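The block underneath contains the structure these notes are about, expressed in structure tokens.
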Amino acid sequence: MRSPSPATPLPEPTFSEEECRALETGVREWNAGLFFECHDTLEEMWSGLRGPGRDFVQGLIQAAVAFYHEGNRNRAGARSLWSRALARLSPYPDRYAGLELEPLRRALGEWLERTAPPEADSPAPPFPQLRLAASDEAPTGGRIGRRELLTRLPSVRAAGGHWVRIHRRAMACRFEIVLPSEDVRHLAAAREALDEVDAHEAALSLFRETSELRRVNREAARRRVEVTPSLFSLLRLCQALQAETDGAFDPTSTPLSRAWGFLERKGRRPAPDELAAARARVGMDKVELDEARRSVRFVAEGVELNLGSIGKGWTLDRIAEGLRRRGVARALLSAGGSSLLAWGAEEWEVALRPGGETLARIRLRDGASGTSGAGEQRFEESGRRYGHVIDPRTGEPASGVRAASVVADEAAVADAVATAFLVAGPEVADRYCRSHPGTFAVLALEGEPQALRTFGAREGTAVDPAGPTPAPPPRA
């Protein structure tokens with residue numbers, strides 16, 4: 001079912017350290033039956049590849065997608081991809097890039113033979129495992145382990161730790177759960193947790209007409225709106241954080257973002273009367289929370305809530321509660337890389353990366369981190385740059401801080417407080433961290449490109465200057 005190996009062997013690929021970790025991750029995801037996740041991991045790796053390894057990785061991607069289709073009973077689609085994967089992998093030698101290809105090619109051939117014609121009730125072989133190539137240099141004299149795989153690939157150092165990632169798109173970002181490979185038994189719980197993310201997005205989205213938040217924004221100026229316990233608790237937290245950050249965090253700042261054009265991604269400077277009208281509709285003092293009725297009421301027309309600066313962290317906190325109840329003792333949760341929550345014995349490395357530039361890495365254990373940066377959306381007018389993060393106290397875009405990262409007990413708090421520090425700067429950061437033990441913050445200031453300011457302290461947390469990407473990294 002395949003072409004013979006070429007007389008002149010293809011050269012081994014030279015993968016970067018990051019590409020090699022992606023291959024290792026893809027192998028683990030494949031062997032755990034996570035073919036969709038394997039496809040995503042290898043596709044991201046493949047997009048930057050050049051040279052002899054490119055077709056090899058493409059063949060693995062096609063095979064992974066084929067087994068994903070087979071798992072969803074799309075056997076005709078699977079057969080087409082198995083055939084293409086087999087043709088793409090045939091020119092390579094039996095051992096390539098640390099993997100045994102001959103057993104995989106044989107397995108692909110068996111799937112093609114046993115599922116022809118592609119009838120739903122035809123018997124199918126078990127899903128194949130990706131196997132590491134045997135090596136005389138292996139310390140045990142047998143098959144090398146997955147950790148040693150990285151030392152066999154060209155230009156790569158050994159990396160410690162093995163992880164399985166499960167992810168999906170939600171809230172305009174990638175939500176991801178990272179588990180140690182020995183905790184693969186918790187994959188079902190992780191999938192259920194990601195299912196819960198959809199429910200939180202459906203409730204908190206500012207951009208869905210049917211969301212609970214949109215209903216509050218439409219109706220709360222006319223009447224009291226009863227809300228779910230989850231949303232009420234979140235709004236109560238917002239009220240507390242607004243007071244504790246001297247108003248620098250304020251989820252009612254939507255009228256200001258609209259006046260500046262950032263909601264439509266068409267930044268512009270508003271006229272003075274437009275800005276004044278928007279400021280009159282901002283402030284948590286215009287939001288009444290009735291504990292007894294569990295209801296929300298706005299005391300003025302035009303008030304709007306936007307939970308974008310806290311919603312991702314809040315969602316991570318909620319799904320973490322569910323995972324802990326299911327017995328997951330250690331994990332890293334991520335929402336877009338800017339909101340993270342970790343628990344267990346592992347120490348994780350989190351990059352502080354405003355505008356894609358890594359300024360520092362925060363070592364995180366048993367805590368949550370939130371990072372806010374000024375460069376995600378901006379425009380320039382009359383020689384001045386304006387960023388999308390608005391200071392609700394002045395109505396003007398924040399300035400002076402390039403990025404802020406906060407480590408705290410809860411991801412929602414870390415997210416909101418990072419936004420507040422980006423807006424208000426070192427003075428509020430210092431005051432808040434002094435009055436909230438266990439909070440740690442790192443600020444990168446404008447005009448001080450090499451300097452970082454730290455505030456507070458937290459056990460198990462430290463900051464390191466930027467350097468080579470650590471291994472193995474959570475995708476953060």
Exercise. Out of curiosity, is residue 321 in the same structural domain as residue 453 (by TED's automatic domain parsing) and either without any contact (Cβ under 8 Å) to a residue 24 or more places away in the chain or surrounded by fewer than 23 Cβ atoms within 10 Å (Cβ to Cβ) (or both)?
Worked result: no
Seminar exercise, completed: Considering region 372-397, residues that are β-branched (Val, Ile, Thr) and part of a loop (DSSP other than H, G, I, E, B), and then whichever is farthest from residue 410 (Cα to Cα), we arrive at 394
For this session: Find all pairs meeting these conditions: Cβ atoms under 7 angstrom apart; at least six residues apart or on different chains; first residue within region 19-42 and under 15 Å from residue 179 (Cβ atoms) and not assigned by TED's automatic domain parsing to the domain that holds residue 129; second residue β-branched (Val, Ile, Thr) and assigned to a helix (DSSP H, G or I).
Result: none
Exercise. Quick one: which helices (runs of 4 or more DSSP H) sit completely within region 173-248 and have at least 2 residues that are under 30 Å from residue 28 (Cα atoms)?
Worked result: 187-204
Seminar exercise, completed: The condition from (1) in contact (Cβ under 8 Å) with a residue 40 or more places away in the chain; (2) under 25 Å from residue 188 (Cβ atoms); (3) buried (at least 21 other Cβ atoms within 10 Å of the Cβ); (4) in contact with a helix residue (DSSP H, G or I) (Cβ under 6 Å, 6 or more places away or on another chain) that residue 86 misses is numbered (2)
Exercise. Residue 351: in a loop (DSSP other than H, G, I, E, B), hydrophobic (A, V, I, L, M, F, W, C), modelled with pLDDT under 85 and closer than 18 Å to residue 462 by Cβ, yes or no?
Worked result: no
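Residue-wise test of (1) within 22 Å of residue 265 (Cα to Cα); (2) assigned to a helix (DSSP H, G or I).
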residue	(1), (2)
370	no, no
403	yes, no
413	no, yes
417	no, yes
431	no, yes
438	no, no
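Please go through region 260-280 and pick out each residue that is at negative phi and touching a strand residue (DSSP E or B) at 6+ places or on another chain (Cβ under 9 Å). Don't jump to the end; show me each part of the working.
So in region 260-280, the residues at negative phi come out as 260, 262-264, 266-280.
Those that are at negative phi and touching a strand residue (DSSP E or B) at 6+ places or on another chain (Cβ under 9 Å): 260, 262, 266, 267, 268, 269.
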Problem set entry | Search result, residues across region 257-267 that are in contact (Cβ under 8 Å) with a residue 60 or more places away in the chain and loosely packed, with under 14 Cβ neighbours inside 10 Å | 265
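With 87, 66 as the choices, which residue is in the same structural domain as residue 126 (by TED's automatic domain parsing) and either touching a Leu at 6+ places or on another chain (Cβ under 6 Å) or assigned to a strand (DSSP E or B) (or both)?
Exactly one residue qualifies, and that residue is 66.
The values are calculated or read from the model by the stated rules, or taken from the named source; none is laboratory data. On a predicted model such as this, the values are computed, not experimentally measured, just so you know. Backbone-built Cβ (ideal geometry, glycine too); neighbour counts: all protein chains shown.
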